[in-house]
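I have placed the structure first, in the form of structure tokens, so that the comments after it can refer back to it.
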Amino acid sequence: MMISDTEIEDGTGQRSLRFLKWGPPGVSIGAVLLMWTVLGCSTTPDRQTEQAYQSALERLVQGHVYEMGCEALLPLAEQVLWEAGYREVTHHEERDEIVSEWADRDGMRQVQYAVHTHRVSASRCAAQFILRERAGQSQNQRRDATRELELLELVDEQEAQRVRMQARQEAKEARETTH
């Protein structure tokens, strides 16, 4: 492999344009980028389809309302956390939430889950799994659709399957509209 600068004459008698060559002698970055673009594009539709599927799945799971009260849903959310390795969970009944302990991940960061529920009615409830991460002085949080899907699978496997199929259909339709 060789990296070099090449000056060429630009037609005015001056040698001012420089092109970077990379790779074997005589192969320019432009040629390498062209090959990468052509070869890389063959997987782009698959990545776009996967992104569309994940986006639809997140939207569908995060918008789900359970046909049970929050007091019945919270113990199931706690079970999801237990199965994920979180053994200490604190209940905050006044806020309809549970919070896990902070768990060490990779020696550089810690993670914690909070599960918030929202009473839609006496017999309907929505839930959000919030993943909090901290490393040093920085801390962030985001909604975790993966844990929410695990809860949906635990509560209603058929509904979880329906949600997955709908997300696949939306991804398929998105792919067809881009081609």
Give the residue that is nearest to GLY63 (Cα to Cα), with candidates limited to residues of region 103-136 that are at pLDDT below 95 and outside any strand (DSSP E or B).
ALA122
The number of residues in region 144-179 that are surrounded by 15 or more Cβ atoms within 10 Å (Cβ to Cβ) and of a type in the set (Lys, Arg) is 4
Of the residues GLU176, GLU170, GLU159, which single one is over 20 Å from GLU83 (Cβ atoms), assigned to a helix (DSSP H, G or I) and over 19 Å from the mean Cα position of the chain (by Cα)?
GLU176
Any hit, region 48-65, residues being among the charged types (D, E, K, R), at pLDDT below 95, buried (at least 17 other Cβ atoms within 10 Å of the Cβ) and part of a strand (DSSP E or B):
no
Going residue by residue through region 85-102, is there one that turns out to be surrounded by 13 or more Cβ atoms within 10 Å (Cβ to Cβ), at positive phi and at pLDDT below 95?
yes
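The values are calculated or read from the model by the stated rules, or taken from the named source; none is laboratory data. Predicted model only: the values in this text are computed from it and were never measured. Methodologically, a virtual Cβ is constructed for each residue, glycine included, from the backbone with ideal geometry; neighbour enumeration extends over all protein chains shown.
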